[in-house]
């Protein structure tokens, strides 16, 4: 057995000067072939060449086993830079978009509490859980949420709290949030989400336009009801819908 096969897990320690604490990232390296660590690293090199520069984001995505968030039939495509279907007319977001939205979210204030609208497969949530204090995630499709919870348990992610419900309403009982990230596109950003931002909080969301979806970064101005809004780039997400699916 080769030296790099003797351990099924590899421990990578970072000193996070921005947050003034130690982080221990545990990476499962059991993938083989198109899910191997070498394949993942090619993806990370691609993300870096596309402008993703936050080293912590890149490292978390390098060590996160994206293939476990897909059905076995699609696992061999897990490290392609593309979105992939997960059932119920939903998708696992393109790695570049996951990295970009996460990088934007982390570019401002310290993220102790983050709300995710649309758990989906759980991949974006799992990435966030390695980088912020706690993630609160809402999913409207119960079977997707159940599968995502199993994956969080498999990965030992204990700083995630999930809720089966309508993401358009946010999660008022857990507000305010330092950051909110939406993985589906509304026609207009729901007022409930803006209301649940903490002072100087940041919301990252795709928004439907006339001809395309626009990824936006919205920052609350202190404690006021005013917001700065910045257009980032054109994107493509599933629409944000209200109601729940059992």
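Since every read-out is calculated from the coordinates, none of them should be taken as a lab result. All of these numbers come straight from a predicted model, not from anything done at the bench. All Cβ positions, even for glycine, are placed from backbone atoms using ideal geometry, and neighbour counts span all protein chains on display.
Of the peptides 194-200, 128-134, how do they stack up when ordered by the mean number of other Cβ atoms within 10 Å, highest first?
Top to bottom by mean Cβ count within 10 Å: 128-134, 194-200.
Helix 142-155 versus the longest principal axis of the chain: what is the Cα-based angle in degrees, 0 to 90, to the nearest 10?
So the helix axis and the longest Cα principal axis differ by about 50 degrees.
Give the angle, between 0 and 90 degrees and rounded to the nearest 10, that separates the Cα long axis of helix 95-105 from the longest principal axis of the Cα atoms of the chain.
Approximately 50 degrees, to the nearest 10.
DSSP beta bridges in the chain, what fraction antiparallel, as a percent rounded to 5?
55 percent
By how many degrees, between 0 and 90 and to the nearest 10, does the Cα long axis of helix 37-49 differ from the longest principal axis of the chain?
Around 40 degrees separate the two axes.
Give the peptides 115-124, 66-75 in descending order of average Cβ contacts within 10 Å, highest first.
Output ranking for 115-124, 66-75: 115-124, 66-75.
How would 107, 137, 83 line up from fewest to most surrounding beta-carbon atoms within 10 angstrom?
Result, fewest neighbours first: 107, 83, 137.
Taking the alpha carbon gyration tensor of region 3-235, what are the square roots of 5 times its eigenvalues, largest first, to the nearest whole Å?
Largest first, region 3-235 gives 28, 20, 17 Å.
Please report, to two decimal places, log10 I(q)/I(0) for region 139-206 at q = 0.18 Å⁻¹ as given by the Debye formula with identical point scatterers on the Cα atoms and no solvent.
Listed by q, the Debye log ratios stand at -0.78.
At what distance in angstrom do the alpha carbon centres of region 135-202 and region 61-77 lie from each other?
Centre-to-centre distance over Cα atoms comes out at 22 Å.
Exposure proxy check: 91, 183, 82 ranked by fewest other beta carbons within 10 Å?
Listed from fewest to most nearby Cβ atoms, that is 82, 91, 183.
Taking the chain as a Gaussian network, where each spring joins two C-alpha atoms under 10 Å apart, which residue of 222, 165, 201 fluctuates the most?
222
Would you calculate a helix-derived [θ] at 222 nm for the chain, using -39,500 (n - 2.57) for each DSSP H run of n ≥ 4 and dividing by the full residue count, to the nearest 500?
-7000 deg cm²/dmol
For region 32-114, max minus min Cα coordinate along each principal axis, in Å, sorted largest first?
Cα extents, longest axis first: 40, 31, 20 Å.
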